[in-house]
Protein chains: 2
Amino acid sequence: LTLPDAVRVTNDLRKALDGADLVVSAIPVQFTRDVWKKARGKLPAATGIISVSKGIETETMLRPTQLIAEALGDDPDARPRPIGVLSGPTIASELARGLPATMIVASDFPEFSARVQALFACSYLRVYTNEDGVGVELAGALKNVIAIAAGILDGLHAGFNAKSALLARGLAELTRLGTAMGASSETFFGLAGVGDLATTCFSPEGRNRSLGEALGRGQKLKEYLKSTPFVVEGVETSRAVIALGRKFRVEMPIMETVHAVLFEGLDPIDGIGRLMSREQKAERVG
Amino acid sequence: LTLPDAVRVTNDLRKALDGADLVVSAIPVQFTRDVWKKARGKLPAATGIISVSKGIETETMLRPTQLIAEALGDDPDARPRPIGVLSGPTIASELARGLPATMIVASDFPEFSARVQALFACSYLRVYTNEDGVGVELAGALKNVIAIAAGILDGLHAGFNAKSALLARGLAELTRLGTAMGASSETFFGLAGVGDLATTCFSPEGRNRSLGEALGRGQKLKEYLKSTPFVVEGVETSRAVIALGRKFRVEMPIMETVHAVLFEGLDPIDGIGRLMSREQKAERVG
């Protein structure tokens, strides 16, 4: 894949931001705050920002757009800067090859969302607007924890029935936590929720799924993280999710199991056994 | 795969029904009525029936449980016979190997549902109850049309982003039609909806997905149906779905495209182009 000539690459923040109409923020979540702090005072208040990072800052439990706003420390009395999020099932290598895809743009600024929709839409990319920024951003972050679980099932050759059950029951957990945090349940049943969850659980390329697969095969977390050059967002997000679940008193058996496999030495097979042997219930999706 | 010794196979309907506590009806939908007509008067009114067929009778637009009830013609003044549906992401070959899976049992009879839940649940099968029989049965039928579309994308090598977008936008269509017909939207966001849709769209084994893949590669419908020994429920269901969409005035661009590819000679690539070039919109999931 070759970048178009019109794209210039720089590691100089001032050059990158200079004269920008719109800034796309694609920084691993645990580094987002530090990078944006360096931009404080360097970006006109009217310049919009779109975040495409999918995670939650472990220590503060904040979402990327919240981190960016805090780090920039814009004048609270001024007209607020348009900040939004672009999300959905969008594996980069497929987009780069021009394969068809869809995205969601969400922000508190309908005009800004419409502008981003028009900017990104093209023959192979269909962009929908959504007013639930909190839900879109949370869905993108939380689904990475379920993707680790999907990978674990792959590593154990558990099959499509198991992975599809995980997708549906994992979605119910995301929705319960998200709505407790103020998001709309509909967002989780749309492209940013179900759609992104499906790609992340089924595409062999996903970083979170790949980590899970290694764990399912018996590899240890530390070992795997040493061996990959990539940031696996779901690992830190799973810590934040457990804290959020406690704070908002939401029951999340799957995400708790992933956390226990990652950090408490739970054997993945025992984890599945625990989930399968819970009391037989009525279905509850939200 | 070998059937357990306790399972006896017969093509004698009277023998099959004689002394049965519970009957599982697994008949291709277009033949369900005829088979059950032969059972009229042969089954005590207290004997429950669970349908696992996923489709809609083309001429009447009725669901399998409705066909069974009509065909049996039970005394309307008697205590109604318990009839329910068992559905969810359950590829048979995986179940037969004891791989973990989940199902939904739904009926208008809570005690009957609880009994079926207890009967089928085991270490590798988790069964949830759901009171929305209409939704569970419709979800299982309608998803087969989306599965054909998923196969078409596979045949065209369109990628995971496209298939996940199809899953999310297809789910929105199922939900719109289902709720217009009296189902609960929550059912579509659960195991019988999202869960079954995911298996059907991603497992290489699915009959509907496989048909779609052949169409995506350029094969013709008639040719394919001649070459397979299986009933592909989604083909007839897509006819019923179009009629239902008109009757309930529900917009279903994806399912209409599948119907046009199957029966109106629409080229699959043109179909995708049409869907991708629709007016850019706000997301609406139900």
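If the condition is being touching a Ser or Thr at 6+ places or on another chain (Cβ under 8 Å), more than 7 Å from chain B (Cβ to nearest Cβ) and of a type in the set (Ser, Thr, Tyr), then segment A:151-197 contributes A:Thr175, A:Thr179, A:Ser185. Might you let me know whether segment A:262-280 holds any residue that is more than 14 Å from chain B (Cβ to nearest Cβ), over 30 Å from A:Thr129 (Cα atoms) and in a helix (DSSP H, G or I)? Looking through segment A:262-280, at least one residue is more than 14 Å from chain B (Cβ to nearest Cβ), over 30 Å from A:Thr129 (Cα atoms) and in a helix (DSSP H, G or I). Residue count for segment B:255-286 under the criterion of being crowded, with 18+ Cβ neighbours inside 10 Å, among the aliphatic types (A, V, I, L, M) and touching a residue at least 60 places away in the same chain (Cβ under 8 Å): the result is 6.
For A:Glu205, indicate whether it is surrounded by fewer than 17 Cβ atoms within 10 Å (Cβ to Cβ), within 14 Å of chain B (Cβ to nearest Cβ) and touching a residue at least 40 places away in the same chain (Cβ under 8 Å). Here the answer is yes, as A:Glu205 does meet what is asked. The numbered conditions (1) surrounded by fewer than 24 Cβ atoms within 10 Å (Cβ to Cβ); (2) more than 8 Å from chain A (Cβ to nearest Cβ); (3) touching a residue at least 40 places away in the same chain (Cβ under 8 Å) are all true for B:Gly212 except (1). Pick from segment B:17-41 the residues that are among the hydrophobic types (A, V, I, L, M, F, W, C) and in contact (Cβ under 8 Å) with a residue 60 or more places away in the chain: which of them is farthest from B:Leu138 (Cα to Cα)? Filtering segment B:17-41 for residues that are among the hydrophobic types (A, V, I, L, M, F, W, C) and in contact (Cβ under 8 Å) with a residue 60 or more places away in the chain, the one farthest from B:Leu138 (Cα to Cα) comes out as B:Leu22. Looking at this structure, is A:Ala20 of a type outside the set (Val, Ile, Thr), crowded, with 16+ Cβ neighbours inside 10 Å and under 23 Å from A:Ala106 (Cβ atoms)? So A:Ala20 fails the test.
Kindly indicate whether any position in segment A:242-257 is over 16 Å from the mean Cα position of the chain (by Cα), part of a loop (DSSP other than H, G, I, E, B) and of a type in the set (Gly, Ala, Ser). There is no residue in segment A:242-257 that is over 16 Å from the mean Cα position of the chain (by Cα), part of a loop (DSSP other than H, G, I, E, B) and of a type in the set (Gly, Ala, Ser).
Across segment B:222-241, which residue is surrounded by the fewest Cβ atoms within 10 Å (Cβ to Cβ) among those that are of a type in the set (A, V, I, L, M, F, W, C) and part of a helix (DSSP H, G or I)? Ranking the candidates gives B:Leu225 first.
Residue selection: B:Ser164 fails the criterion of being out of contact with any strand residue (DSSP E or B) (no Cβ under 9 Å at 6 or more places or on another chain) and hydroxyl-bearing (Ser, Thr, Tyr). Within segment A:81-98, being of a type in the set (Val, Ile, Thr) and more than 7 Å from chain B (Cβ to nearest Cβ) holds for A:Ile83, A:Val85. Among the residues of segment A:99-131, those identified as more than 7 Å from chain B (Cβ to nearest Cβ) and surrounded by 24 or more Cβ atoms within 10 Å (Cβ to Cβ) are A:Met103, A:Val105, A:Ala106, A:Ser107, A:Ser113, A:Val116.
Where a number appears in this text, it was derived from the coordinates with a stated rule and is not lab data. Note that the structure is predicted; figures quoted are calculated from it, not measured. With ideal geometry, Cβ positions are generated from the backbone for all residues, glycine too; neighbour counts draw on all protein chains shown.
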